[in-house]
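We did not get these values from a lab; they are worked out from the coordinates using the rules stated. This is a predicted model, so every value here is computed, not measured. Because the Cβ atoms are built from the backbone with ideal geometry, glycine has one as well, and the counts that use them run over all protein chains shown.
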Amino acid sequence: MTRGTGPARDRDRADVVTMAHGAGGKASQALVQSVFARAFANPALDAMGDAALVDVPAGRLAFSTDSFVVSPLDFPGGCLGDLAVNGTVNDLAACGATPLALSAGFIVEEGFPRSELEHQARAMAQAAARAGVAVVTGDTKVVQRGRGDGCYVNTSGIGLVSPSALAISPAAARPGDRVLVSGPIGDHGTAVMLARGELGLEADVVSDTAALADLVQALLGAVGGAVHCLRDPTRGGVASVLNEIAASSGTAVVVNERDVPVRDGVRGVCELLGLDPLYVACEGRMLAFVSPGAAGAALEAMRAHPMGAGAADIGYVTADPAGMVLAESGFGGPRVLDMLVGDPLPRIC
Ligand code: MG
């Protein structure tokens, strides 16, 4: 999808977002009604109060927020809109929570095509429907031309934590745990990088963007309290997330590199660019730290779910060297996998 620039884009003012759409008056209301209320319709949103009213079951709530500035807005396998839903749903899922409600805040640049805004809103609504959650409240602001880059979205979400997940935490990984990943890694970061078309590379790589709350519930249903820690390896990839967990839990993580699932297309692009797939973002994968005795059943449960068909056991937790992540390739000694330094792939989510 391309959009024009300059005056041509504004020829029909009704076809683009204008400053008036963000002013809170008649135009704002018309935009909200025609784009967002239509896409997200549900009783809590339809009431159009200052805040959405959501009935919440007793228990512990998970609450998360994330902003999405991906460029380009559309890429193979997804777009800004479904990324914005899946990203927040997956942060809730990583706490063992089933999402209850989402908010959506849009920051739109003056001149942004209304059709594109509608497209992103539709994609959000579809992703929310797939994840079984409603967008119940939202906000729209418009910034002057040149002061934004099309459209940014922030989503926040609340979710109910499953009783079997109450102890799940990055600090709860313990020596002996097996480290499972729900599928091949690095698809999202690679797909977005290729979609920018700046590298002159072509490869058949599709983003893995997907909601994982249902996969997590299947995993918890199968092995419950044997799951000690969950994390979605987004920015910084698997290696950075494992470092955070090693630091939080005061353990070491050993990755068996040959067991890490990486698609050929991703591997090829990473080799050409000198990137390590272990540092490339996923948007539809979950890492699970599971008691050794339950790891087989956990892997089976993940593989039986459509979102976990490519799940693999990629390593284990050990006591030393505490706070570090090591990769074993089978050749020579282990290498240290540090946190990602800098950002070789900006604005991938
Ligand atoms: Mg996360």
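Structural remarks
- Cβ crowding within 10 Å averaged over residues, with 18-26, 238-246 ranked highest first: 238-246, 18-26
- Between GLU118 and ASP338, the simple spin-label model (points 7 angstrom out along Cα→Cβ) gives 5.1 nm.
- Cβ-Cβ FRET estimate between SER169 and ASP46, R0 fixed at 35 Å, reported to 0.05: 0.40
- Each of the peptides 151-158, 54-61 was scored by the mean count of other Cβ atoms within 10 Å over its residues; in descending order, highest first, they stand as 151-158, 54-61.
- Dipole of the range 170-336 computed with +1 at Lys/Arg Cβ and -1 at Asp/Glu Cβ about the Cα centre; of ALA281, GLY183, ALA226, farthest Cα towards the positive end is ALA226.
- Spacing of the modelled spin labels on SER329 and GLN126, each 7 Å from Cα toward Cβ, amounts to 4.1 nm.
- Computed from Cα positions, the angle between helix 264-273 and the longest principal axis of the chain comes to roughly 80 degrees.
- Model label sites at LYS141 and ALA322, defined 7 Å from Cα along the beta-carbon direction, differ in position by 4.3 nm.
- Prolate/oblate/rounded call for the chain, Cα gyration tensor, a/c under 1.5 rounded: oblate
- Counting only DSSP H runs of at least 4 residues, each contributing -39500 (n - 2.57), and dividing by the residue count of the chain, the helix-based mean residue ellipticity at 222 nm comes to -8000 deg cm²/dmol.
- For LEU100, distant residues with modelled amide H under 5 Å away: ILE158, GLY159, LEU160
- Neighbour cut-off at most 15 other Cβ (10 Å), DSSP loop, trypsin sites (Lys or Arg not before Pro), the range 187-261: ARG196
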